[in-house]
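Everything below concerns the one structure shown next.
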Amino acid sequence: MALAKRIIPCLDVDAGRVVKGVQFVDIRDAGDPVEIAKRYDEQGADELTFLDITATADNRDTMEDVVRAVASQVFIPLTVGGGIRSVADIRRMLNAGADKVGINSAAVTNPDFVREAAEKFGSQCIVVAIDAKRVSTEDEQPRWEIFTHGGRNATGIDAIEWAKKMVALGAGELLLTSMDRDGTRSGFDLELTRAVSDAVSVPVIASGGVGKLQDLIDGIKLGHADAVLAASIFHFGEHTIAEAKQQMAEQGIEVRL
Amino acid sequence: MHRVAVIDYGMGNLRSVSKALEAVTDNQSQILVTADAEKIRSADHIIFPGVGAIRDCMTELKRLGLDRVIGDVVKHKPFLGICLGMQSLLTRSQENGGSAGLDIIDGEVVYFDSAIQQHLKVPHMGWNEVEQRYPHPLWRNIPQNSRFYFVHSFYVKPGNDDSIAGHSHYPLPFAAALAKENVFAVQFHPEKSQHAGLQLLKNFINWDGQS
């Protein structure tokens, strides 16, 4: 009897469609968000995350419609991220049916926004998304810094310190993406995942780099992640979530089957 | 028409709860998300949800006069508390440096110190198994040890263990569900717990309040 480790498929949404890019370029169309959400729900996904990858004003309206449509048919937790910058943005997404919101760039611009959001809506619905990139050379102690705006802007902020600060301000969960691994299918940055997960008291979702099912297992066992997020290995039918869970269970990981 | 009132006191997103209710009632029931005392008093089934911190919750309940309304309807109508709605039913909470609850079920709400000591993450977030301690109409057609979705940092410790209808472990056993006469309360979120959660909501809607 124990808490299950979670598998969270991530749906990148642009103009109402699920897309998947490789290192933020080469966008491939993967389909209708409601259909995909229902399929993942049936396969046993523990939660779903939607990322508004363009985060323009027009797209935000579309995103709200997507969340509303999914929330009326799928009864597992839904997280929405991308372009969340104000209390009003959060309220809109929660009213549409989201259970949690992911805050990324806005936390860097104004860390106090995380505190304000957690006070207003509760820590349980505030996920701080951290995009980290290794900045140390091979013979140095590993060190990572955070990047914003989809990995385009460097901030010079240390990722571990930032993670602790976000938790202190009220983040209920961290979504940690390795910018070095995202889209490469070479596995999570396990050192990064473990360093962050061991440094904070809240759950950490590992993201960026999943290319095979063993990567999910390594993220939990070696990276100490509480949940693992992946997109492309599920979107294009290479693996189902049920297969992933079966393999996790075989290796002694507690999962919801 | 059969009516279900979902008590709306501004704590969290109640759309998930009403959507899940619509799904299990096939539009045969009227679902009212409301803070209106009369609508709550005249409903057939009452759901008391909520997320967030207990002090804000109690402040809002009192400001809206809902503490008295809940105190009345909880005496005889089928009543379901969810998450913070469950915690508010107890006598007191450790949260926010100590806060009084509605004192409908004797006991207190305490922090997950035991989990922290074992280096587990808090909030307790995700899918955990619930062990049903005895048969109850709300457990009908839900397999023993089904997983439900939890997200909370505090848990309830009732004064009388007999009121515990279901246990979970994190790492020690804690009360995941309470039952007392026409009141049922759950720490997890049935509206986010897929099949098992929807079944529990369906069972509640069909419950006459007798155990």
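The values are calculated or read from the model by the stated rules, or taken from the named source; none is laboratory data. This one's a predicted model, so the numbers in the text were calculated from it and none came from an experiment. Neighbour counts run over all protein chains shown; Cβ positions are idealised from the backbone, glycine included. Just the protein is used for accessible areas: all its heavy atoms, side chains included, with ligands, DNA and RNA removed. Shrake-Rupley method; radii C 1.70, N 1.55, O 1.52, S 1.80 Å.
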For the range B:2-205: relative contact order, % (alpha-carbon pairs under 8 angstrom, 6 or more apart): 20 percent
The range A:224-232 - phi-based ³J(HN,Hα) in whole Hz, Karplus 6.51/-1.76/1.60, Gly and Pro as x: 6, 6, 8, 8, 10, 10, 8, 10, 5
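For chain A, just say rounded, prolate or oblate: build the C-alpha gyration tensor, square-root its eigenvalues into a ≥ b ≥ c, call rounded for a/c under 1.5, and beyond that prolate if a/b exceeds b/c, oblate if not.
Numbers: a/c = 1.33, a/b = 1.03, b/c = 1.29.
Rounded, because the longest to shortest axis ratio a/c is under 1.5.
For the range A:79-156, which GluC sites (Glu not before Pro) are in a loop by DSSP, counting at most 14 other Cβ atoms within 10 Å? Please report the intermediate quantities before stating the final value.
Working: sites: A:Glu116, A:Glu119, A:Glu138, A:Glu140, A:Glu145; in loops: A:Glu138, A:Glu140.
Of the GluC sites (Glu not before Pro), the ones in loops of the range A:79-156 whose Cβ has at most 14 other Cβ atoms within 10 Å are A:Glu138, A:Glu140.
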Under 10 Å, Cα contacts only: if you run a Gaussian network model on chain A, which one of A:Pro142, A:Pro33, A:Pro203 comes out with the highest mean-square fluctuation? A:Pro142
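Roughly how many Å² is the accessible area per residue of the range B:2-205, as a whole number, for a 1.4 Å probe? Show your work: numbers first, answer last.
Values: 7620 Å² over 204 residues.
Accessible area per residue, the range B:2-205: 37 Å².
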Averaged over peptide B:117-127, how many Cβ atoms belonging to another chain are found within 10 Å of each residue's Cβ? 6
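Between B:Gln210 and B:Ile116, how high is the FRET efficiency from 1/(1 + (r/R0)^6) when r is the Cβ-Cβ distance and R₀ = 35 Å? Nearest 0.05. Present the calculation step by step, with values, prior to reporting the outcome.
Details: r = 40 Å, r/R0 = 1.14.
Taking R0 as 35 Å, the efficiency between B:Gln210 and B:Ile116 is 0.30.
Determine the shape class of the protein assembly as shown: with a ≥ b ≥ c the square roots of the Cα gyration tensor eigenvalues, call it rounded for a/c under 1.5, and otherwise prolate if a/b is greater than b/c, oblate otherwise. All intermediate terms of the calculation are to be shown ahead of the outcome.
Values: a/c = 1.67, a/b = 1.61, b/c = 1.04.
Verdict is prolate for the protein assembly as shown.
Let me have the 222 nm mean residue ellipticity of chain B computed from DSSP H runs of 4+ only, each contributing -39500 (n - 2.57), with the sum over all residues rounded to the nearest 500.
Working: 7 runs with 56 residues, N = 211.
Mean residue ellipticity at 222 nm (helix-derived): -7000 deg cm²/dmol.
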Could you please put B:Met11, A:Met63 in sequence from largest to smallest accessible area, using a 1.4 Å probe? B:Met11, A:Met63
Could you compute how much accessible surface B:Arg41 exposes when probed at 1.4 Å, giving the result in Å² to the nearest 10? 90 Å²
Looks like the range A:31-107, by Cα gyration tensor root eigenvalues a ≥ b ≥ c and the a/c under 1.5 rounded cutoff (else prolate when a/b is bigger than b/c, oblate otherwise), is prolate
If you average the alpha carbon positions of the range A:223-257 and of the range A:92-148, how far apart do those two centres end up, in angstrom? 24 Å
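Note the full-extension length gain between B:Glu22 and B:Asp106 as 0.36 nm times their separation in residues minus their Cα-Cα distance, in nm to one decimal.
Numbers: separation 84, 0.36 × 84 = 30.24 nm, distance 3.25 nm.
The B:Glu22-B:Asp106 span can extend by a further 27.0 nm.
Determine the total buried accessible area between chain B and chain A, counting protein heavy atoms only with a 1.4 Å probe; round to the nearest 100 Å². Mind showing how you got there, number by number?
On the way: alone 9630 and 11170 Å², together 18100 Å².
Its buried surface, counting both partners, is about 2700 Å².
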If one puts a single equal scatterer on every Cα of the range A:93-205 and applies the Debye formula without solvent, what log₁₀ I(q)/I(0) results at q = 0.13, 0.19, 0.21 Å⁻¹? -0.47, -0.97, -1.15
Distance between the C-alpha centers of the range B:129-190 and the range B:16-82? Whole Å please. 19 Å
Across peptide B:8-21, what mean number of C-beta atoms from other chains lies inside 10 Å of a residue's C-beta? 4
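Roughly to the nearest percent, how much of the accessible area of the protein assembly as shown is carbon and sulfur, given a 1.4 Å probe? Kindly include the intermediate steps, with their values, before the conclusion.
Numbers: 8250 of 18100 Å².
Carbon and sulfur together cover 46 percent of it.
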Hz values of 3J(HN,Hα) by residue in the range B:20-29 - Karplus curve (6.51, -1.76, 1.60), Gly and Pro given as x: 5, 5, 4, 5, 8, 9, 6, 6, 8, 10
